[in-house]
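Asker: The structure under discussion is supplied below as structure tokens; questions concerning it will follow.
Rule-based calculations on the coordinates, nothing more; no lab input. All values derive from a computational prediction rather than experimental measurement. Here the Cβ is made from the backbone with ideal geometry for all residues, glycine too, and neighbour counts use every protein chain on show.
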Amino acid sequence: MTVDATLATYSDWTYNAAVLVYVFAAVLYLCEQAFGRAKEKSAAKSADRELVAAGGVQADGTWQPGRVVREERSRPERLGRMGAALTVLGALVQLSSLVLRGLATGRAPWGNMYEYGSLLTFAAVVTWIVLMRAFPVRKLGGFVLVPIVILMFLGGTVLYSDAAPVVPALRSYWLVVHVSVISVSSGVLLVPGVASILFLLKSTGRPRFAKLPDADVLDRLAYRSTVFAFPLFTIGIICGAIWAEAAWGRFWGWDPKETVAFVCWVIYAAYLHARATAGWRGKPAAWVNTVGFVGTVFNLFFINLVTTGLHSYAGVG
């Protein structure tokens, strides 16, 4: 199988361009967070709305129509909206990078750690874009994009791999199913992990964290995104077990990657149970979710790059 070097080069360029766009977006988000008000009104009461003054009959008998008055947005809010627009642009550019890598190699574009990380971070960005529309948390974009930029920087430097065919053991349709589902679910879980950490900071009551959204908002954001990601993560593990039986003759072998993934699954299951139990909401649930987030990151880097196991040759989930 030949590789289209031109498309591979364009893929690398768009990947690097996406990183730069995310950096600018993160700076704008952080500016909104730093210079915005401690308490933001909801979107329905935002300064973006138009106020229509009622018309009426004047003293001379003439009709005076109503006036449309647009309140001016604050500068931090404008910066935040620019950051959101750049986030969408960066996601489109990163998607182009994934598509070009796939066309260049003629396979699913997540066959090594570089490509796997790109899909994971893309899933995290898309999750954040969706959550920004559902929750008043836009100014937290900097806290979400900073770890994404770090992951993409490491992927484009330390973990970078040239476009090439995958090893024979990975030439299976399970590469499309298992790795994509695990990568997407892990990317989605990055967002509630950050939200839970911010929840714990907000819960300290210190003035330096006063500008963070209400703890209840952060708690609901973390819970709802985890509820979405957990079934995907479960499906990914099941698909991995089926693939392992076909490739290695057993469903489960306590390989380091499998073991840590199972531990993370148990932690997230405990988080959802804790969050659904009234006595374990708030800080205890946030701590459990944070531990799950740390375990996911540990499984992504340490297990793939340091330990030796059946997954080590692939460098993927």
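Asker: Using only alpha carbon positions, build the gyration tensor of the range 156-234, then give the equivalent ellipsoid semi-axes as the square roots of 5 times its eigenvalues, largest first, whole angstrom.
Answerer: So the three semi-axes of the range 156-234 are 37, 17, 7 Å.
Asker: Determine the sum of side-chain charges near residue 199: Lys and Arg each +1, Asp and Glu each -1, restricted to other residues whose C-beta is under 12 angstrom from that of residue 199.
Answerer: +2
Asker: A further question follows. Quick one: if the Förster radius is 51 Å, what FRET efficiency do residue 74 and residue 235 give, using the C-beta to C-beta distance and rounding to 0.05?
Answerer: The pair residue 74/residue 235 has a calculated efficiency of 0.70.
Asker: Here's a follow-up. With a Förster radius of 45 Å, plug the Cβ-Cβ distance of residue 216 and residue 2 into 1/(1 + (r/R0)^6) and report the FRET value to the nearest 0.05.
Answerer: Rounded to the nearest 0.05, the efficiency is 0.25.
Asker: List the relative contact order of the range 124-200 as a percent without decimals, with contacts defined as Cα pairs under 8 Å and 6+ residues apart.
Answerer: Contact order relative to length: 54 percent.
Asker: Continuing with the same structure: Please list the non-local residues whose amide H lies under 5 Å from the amide H of residue 164, H modeled 1.01 Å from N, same-chain partners needing a gap of 5 or more.
Answerer: Distant-sequence amide H within range of residue 164: zero hits.
Asker: Determine, for 174, 128, 254, the number of other Cβ atoms within 10 Å of each Cβ, and report the residues in order from fewest to most.
Answerer: 254, 174, 128
Asker: Let me ask something additional. Which of 264, 31 has the fewest other C-beta atoms within 10 Å, and how do the rest follow up to the most?
Answerer: So the residues, fewest neighbours to most, are 31, 264.
Asker: Okay, next question. Work out how much length residue 228 to residue 273 would gain on full extension: take 0.36 nm times their residue separation and subtract the Cα-Cα distance, in nm to one decimal.
Answerer: 14.8 nm
Asker: Hey, another quick one. By counting other Cβ atoms within 10 Å of each Cβ, how are 273, 178 ranked from fewest to most?
Answerer: The fewest-first ordering by Cβ neighbours comes to 273, 178.
Asker: Using the Karplus curve 6.51 cos²θ - 1.76 cosθ + 1.60 with θ = phi - 60°, work out ³J(HN,Hα) for each residue of the range 218-231 in order, rounded to whole Hz, and write x for Gly and Pro.
Answerer: 5, 5, 5, 4, 5, 5, 5, 6, 5, 4, 6, 7, 4, x
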